[in-house]
Amino acid sequence: MSSNKIPSWVDRIISWGYPYQMDMYHDLVTKLEAANKPLAAFFLDHSQSEETFLATLKAHTEEALKNNYPEGWAYLEGAKNFYQLSEAALAHVRLYDYIVFDNHTFEENTITQRSNPLTHLRSYLQKEIEELDPDFAEEMVHFFRLLNNDEPRIIPTRSDIQTWMDRHPSGLEKEVIAWRAKNKERIIAHLVDEIDQREEILYTFKAGLSQKEKIKLVNDWWKDDRFHLHFALRSTAKLNTYLDNTLDDETKSIMKAAEEKGIPIFVTPYFLSLIDTRPRSEQESPFADEPIRSYLFYSWDLVHEFGNIAAWEKEDTVEIGKPNAAGWILPSHNIHRRYPSVAIFIPDTMGRACGGLCSYCQRMYDFQAGRFNFELAKLRPKKSWPERLTDNMEYFRNDPYLWDILITGGDAFMSSVKSIKEILEAVLQMAKDKVEDNTKREEPFAPMRRVRLGTKIPVYLPQRVTKELIDVLAWFKEESAKVGIEQCVIQTHISSSMEITPDTQEAINKLLRAGWAVTNQEVFTVAASRRGHSAKLRKVLNDIGVLPYYNFSVKGFKENREIFATNARSVQELVEESSIGAVAPRYHAQIRSFVSNAQAMKDQINQIRESDEIPFISPDRNTLNLPGVGKSNTYRTIGLTQDGRRVLRFEFDHTRPHSKVIEEMHHVDIIESKSIAHYLRQLEAMGENPKEYETIWGYSAGEMENRSPVFEGVIDP
């Protein structure tokens, strides 16, 4: 009997609550027997002890794997054959892991969580416990069906994906530009009032100006990045006023509580103009701006956790003279390192600041101590900075492996043009010195080959990409080529096609003309994880000459639960949507040169898209930043908490070199912050149809893809 003929019980249970556990019990037994009657019999058998039950089930599962799914057994034994596994084989692998790790405890920040999905379900079915979380029950029903090969993976067609993509507008579309122009008019009117009402030094109106003249003057100032930073909004009350008093009561309560807790608010007038303040019923694409809202506005989880947030990436904790979690001894807090060939450099300049604040910011744990990167006046370079800049460059010069430097923060473009030039001059001198040093070495050190600047300025504050900045970047591109630096790259963080405005497009055009390739790292929030959303973003990025680089799942503990999209959805998006943009092998030799020829990036991308008749190219990799092992998407599900959250065991990314410490670490276990059922309810609240995500339950493992040839030979931080 097919389980899809049985009336749905999950929604009923969610609405009923636990007083109706008896109804849930009978429904669940029926559901499990329909999904996989032979396996259900193991759980309903009262004759065995718990230990005998697990031992018998383990023997049964091992036999099934060896006889029916030998590729699954080989996978458990260490074979790198993930993409050869069927849904049923993966389900049996998961069953084996559930048995091995049943009754195991895992650390979730400072809390211990127990995983015992098999004995917990058995206890409920045998009426030894009275309650079962509906999200846990739903996960187990799908699991039984997968074991029975009753939930086959149906890959959507290219037409399906295009339909999903068409649901998501971009900031370059006429209708979006039109309503944002009205937003700008409203915000400028508020700015005029604010300037009139407060004593201004930098921006003031001469006596006798008419309202029309004041509006014209503010329109001129709108083109100045310093104007937006000066008038950045820092309170809930002002946010609501500038958004035409459209914040709902819940959002206002959260944001006010965040203020009282000490969580900073910082948003420029320009970025605020991207929010759609019209009623949902009047919007052409309701929830189109939700990805922007989801990191502009906070959650109760963040408010409650603030003060107890722990650093997610352990290797970012630097103690001078001591190895970090990845085994590297670092000279200062300005350098972070995870991999042999690359290190992150964080200058002590305005580059520690940002043009705005994302709710998932990895520095949120640091803000708890009052170290905000929005106190801009305090972030000007100190007198000692030039000397320490030189000292930090010596670290790169004297390391035999480092050939790639990522300058970030904060935001690299928040530094003044003068500071950026000084930093790039220091990098250039270091690269020259390293080349010269190699002439005296029997075994040369790796010369510098790649320089990257990490920034969200093209989204938060594109006005900051000025002619002066472009002149410095163009100068460095030309000079760095003389000392062997092959690639100059700007890494952006654009998470929605709605963030790509005409101003953003113009900023990207300037960067490309300066000879710097632009790559993008999307943050895969719940809103950004909707069907077709990332695919549409890739297409619009391609349209403006940007290469997708990474698609990051949200990292962190409970503080980021609201916006975390499950790893199952990340792998589903990779297999079912991103894959239509895979570059055919016949183009690999051609695509390797793209980053070094940034001025021609749009034409290069379009040539492949047109030749292969694909809507976008997708050289990005879906992944997650992990504590201690860097980035990886190589994992399998080994456990399940009693509230239905998966426990994932990640291995490090075997496609790239790591330190010996990481290779010996082998794995890191992560408890997801929400169940798949919880995640699907969030999507449904955004107008999504959960049926379009039905295959998500079968994605219980993943494997990190190889780097695209466009990034080949380049190691990421």
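Criterion applied to Arg145, Arg158 was being touching a helix residue (DSSP H, G or I) at 6+ places or on another chain (Cβ under 9 Å), buried (at least 19 other Cβ atoms within 10 Å of the Cβ) and of a type in the set (D, E, K, R), and the one residue passing it is Arg145.
Based on what the data block shows, is Glu651 farther than 27 Å from Pro548 by Cα and either without any contact (Cβ under 8 Å) to a residue 60 or more places away in the chain or of a type in the set (Ser, Thr, Tyr) (or both)? It is false that Glu651 is farther than 27 Å from Pro548 by Cα and either without any contact (Cβ under 8 Å) to a residue 60 or more places away in the chain or of a type in the set (Ser, Thr, Tyr) (or both).
Those helices (runs of 4 or more DSSP H) of region 31-140 in which 3 or more residues are free of Cβ contacts under 8 Å to residues at least 24 places away in the same chain and charged (D, E, K, R) occupy 50-68. Scanning region 518-543 for residues that are under 21 Å from the mean Cα position of the chain (by Cα) and under 16 Å from Phe594 (Cα atoms) returns Val518, Thr519, Asn520, Leu541, Asn542. Just the residues that are surrounded by fewer than 23 Cβ atoms within 10 Å (Cβ to Cβ), part of a helix (DSSP H, G or I) and hydrophobic (A, V, I, L, M, F, W, C), please, taken from region 503-533. The answer is Leu512, and nothing else.
Among the residues making up region 169-208, those that are in contact (Cβ under 8 Å) with a residue 40 or more places away in the chain and small (Gly, Ala, Ser) are Ser170, Gly171.
Across region 161-176, which residue is surrounded by the most Cβ atoms within 10 Å (Cβ to Cβ) among those that are outside any loop (DSSP other than H, G, I, E, B) and polar (S, T, N, Q)? Selected residue: Gln162. Of the residues screened, Asn542 is one that is out of contact with any Ser or Thr (no Cβ under 6 Å at 6 or more places or on another chain), not in a loop (DSSP other than H, G, I, E, B) and not assigned by TED's automatic domain parsing to the domain that holds Tyr83.
Out of (1) modelled with pLDDT of 95 or more; (2) over 21 Å from Ala412 (Cα atoms), the odd one out for Lys555 is which? All conditions pass for Lys555, except number (1). For region 232-290, filtering for residues that are among the hydrophobic types (A, V, I, L, M, F, W, C) and within 17 Å of Gly171 (Cβ to Cβ) leaves 7. Assess whether Arg280 counts as being of a type outside the set (Gly, Ala, Ser), more than 20 Å from the chain's Cα centre (by Cα) and surrounded by fewer than 19 Cβ atoms within 10 Å (Cβ to Cβ). Taking the combined requirement at face value, the residue satisfies it.
State the number of residues belonging to region 120-165 that are closer than 30 Å to Asp503 by Cβ and assigned by TED's automatic domain parsing to the domain that holds Phe53. Counting residues in region 120-165 that are closer than 30 Å to Asp503 by Cβ and assigned by TED's automatic domain parsing to the domain that holds Phe53 gives 0.
The residues of region 649-672 that are at pLDDT 95 or above and either outside any strand (DSSP E or B) or at positive phi (or both) amount to a single one, Glu672. So, of the residues in region 596-636 that are in a loop (DSSP other than H, G, I, E, B) and among the hydroxyl-bearing types (Ser, Thr, Tyr), which turns out to be surrounded by the most Cβ atoms within 10 Å (Cβ to Cβ)? Only one residue fits best here, namely Ser618. The criterion of at least 2 residues that are surrounded by fewer than 21 Cβ atoms within 10 Å (Cβ to Cβ) and either within 30 Å of the chain's Cα centre (by Cα) or not basic (Lys, Arg) (or both) is met, among helices (runs of 4 or more DSSP H) falling completely within region 389-502, by 417-438, 467-481. Residues that are of a type in the set (A, V, I, L, M) and part of a helix (DSSP H, G or I) were ranked within region 552-595; the one that is farthest from the chain's Cα centre (by Cα) is Ala589. Scanning region 312-330 for residues that are more than 23 Å from Thr455 (Cα to Cα), out of contact with any Pro (no Cβ under 8 Å at 6 or more places or on another chain) and surrounded by 15 or more Cβ atoms within 10 Å (Cβ to Cβ) returns Asn324, Ala326, Gly327, Trp328, Leu330.
Of everything listed in (1) part of a helix (DSSP H, G or I); (2) under 30 Å from Leu626 (Cβ atoms), the single unmet condition for Trp179 is (2).
Among the numbered criteria (1) at pLDDT below 95; (2) surrounded by 15 or more Cβ atoms within 10 Å (Cβ to Cβ), which one does Trp73 miss? If we test Trp73 against (1) at pLDDT below 95; (2) surrounded by 15 or more Cβ atoms within 10 Å (Cβ to Cβ), just (1) comes out false. Answer yes if at least one residue in region 205-213 is touching a strand residue (DSSP E or B) at 6+ places or on another chain (Cβ under 9 Å), of a type in the set (Gly, Ala, Ser), under 18 Å from Glu185 (Cα atoms) and not assigned by TED's automatic domain parsing to the domain that holds Ile457, and no otherwise. Taking every residue of region 205-213 in turn, none turns out to be touching a strand residue (DSSP E or B) at 6+ places or on another chain (Cβ under 9 Å), of a type in the set (Gly, Ala, Ser), under 18 Å from Glu185 (Cα atoms) and not assigned by TED's automatic domain parsing to the domain that holds Ile457.
The values are calculated or read from the model by the stated rules, or taken from the named source; none is laboratory data. Keep in mind the model is a prediction, meaning the values are calculated, not measured. Positions of Cβ are backbone-derived with ideal geometry, glycine not excepted, and every protein chain shown enters the neighbour counts.
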